[in-house]
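J.: To start, I am sharing the structure in question, which I have written as structure tokens.
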Amino acid sequence: MLMIRLQRVGRKNDPSFRMVIVDSHEAAQTGKVIEVVGSYDARQGSPAIKEDRVTYWMSVGAKLSDTAYNLLVRKGIIKGEKKNIASKKLGKKVKALVATKTAKEEKDKADALKKAEADKAEKEKAEKEAEEAKNAPAPAPEVAEAPVVAEKVVTEEVPAEVENIMDAAEVAVVETVPVEEVAVASEETPVA
């Protein structure tokens, strides 16, 4: 399998690397390099890479090491995000720390997303209620009930001429009198 990786060539305390194409099965034993496609001086931080050759070897099927991938992303040859290679080189305690930190970040993102969804739902509900209130017909104003008309039986004395016509001494006349007049009439008439 073809691999694009970095090969250290610098002297002690002066790291510099070649970006090479190697066959991953043979290179470990023989150190054979198929092609040198660039160099990287770690102190200056400027990679010199042959873009056309790297894209050719990637199209043929060469895989990238994580560090080579990050250099190509930084240079702009590959689109994407850098890979976290530090976690592979760290100890158990630091790996656990990194894992808890990433878990916390994911939890915070999820909580923020849930809160945003809840706020959005609440806002939509309020807008919907406002829209319904706006579109709903106005409630009919409550009409006060008309006062109940009470009927009172008023007895009147019949004049003497009418007595001859009628056998009864009193004639009952039924009149419809409004409630207010009934109240006034009851105050005026003395109670015997």
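Only the coordinates and a few stated rules stand behind these numbers; no lab work does. Just so we're clear, the structure is a prediction, and the values are computed from it rather than from any experiment. Note that each Cβ is placed from the backbone with ideal geometry, even for glycine, and that neighbours are counted across all protein chains shown.
J.: What FRET efficiency do you get for residue 67 and residue 132 if R0 is 45 Å and r is their Cβ-Cβ distance, rounded to the nearest 0.05?
T.: Between residue 67 and residue 132 the formula returns 0.15.
J.: Between residue 46 and residue 84, how high is the FRET efficiency from 1/(1 + (r/R0)^6) when r is the Cβ-Cβ distance and R₀ = 22 Å? Nearest 0.05.
T.: 0.45
J.: How long, wide and thick is the stretch 32-130, going by the Cα atoms along their three principal axes, in whole angstroms, largest first?
T.: In descending order, the Cα extents are 72, 36, 28 Å.
J.: Going by average Cβ neighbours within 10 Å, how do the peptides 50-61, 122-133 rank, with the highest at the top?
T.: Answer by packing, highest mean first, reads 50-61, 122-133.
J.: Once you place label points 7 Å from the Cα toward the Cβ at residue 124 and residue 59, how far apart are they in nm?
T.: So the two model labels end up 4.7 nm from each other.
J.: Return the FRET efficiency for the residue pair residue 36, residue 106: r is the Cβ-Cβ distance, R0 is 41 Å, and the value is rounded to the nearest 0.05.
T.: Once the sixth-power term is evaluated, E becomes 0.50.
J.: Place +1 on the Cβ of every Lys and Arg and -1 on the Cβ of every Asp and Glu in the stretch 2-83, take the dipole about the Cα centre, and give the residue among 21, 76, 46 whose Cα lies farthest towards its positive end.
T.: Final value for the positive-end residue is 46.
J.: Calculate one ³J(HN,Hα) per residue across the stretch 94-105 by plugging θ = phi - 60° into the Karplus curve 6.51 cos²θ - 1.76 cosθ + 1.60, and present them in order as whole Hz with x for glycine and proline.
T.: Listing the rounded values in order: 5, 4, 5, 4, 5, 5, 5, 5, 5, 5, 5, 4 Hz.
J.: Another one. Please compute the modelled spin-label separation between residue 93 and residue 8, points set 7 Å along Cα→Cβ, answer in nm with one decimal.
T.: Label-label distance for residue 8 and residue 93, simple model: 2.4 nm.
J.: Residue by residue through the stretch 61-67, what is 3J(HN,Hα) from phi via Karplus (6.51 cos²θ - 1.76 cosθ + 1.60, θ = phi - 60°)? Round to whole Hz and write x for glycine and proline.
T.: Per-residue couplings from phi come out as x, 6, 8, 9, 6, 4, 5 Hz.
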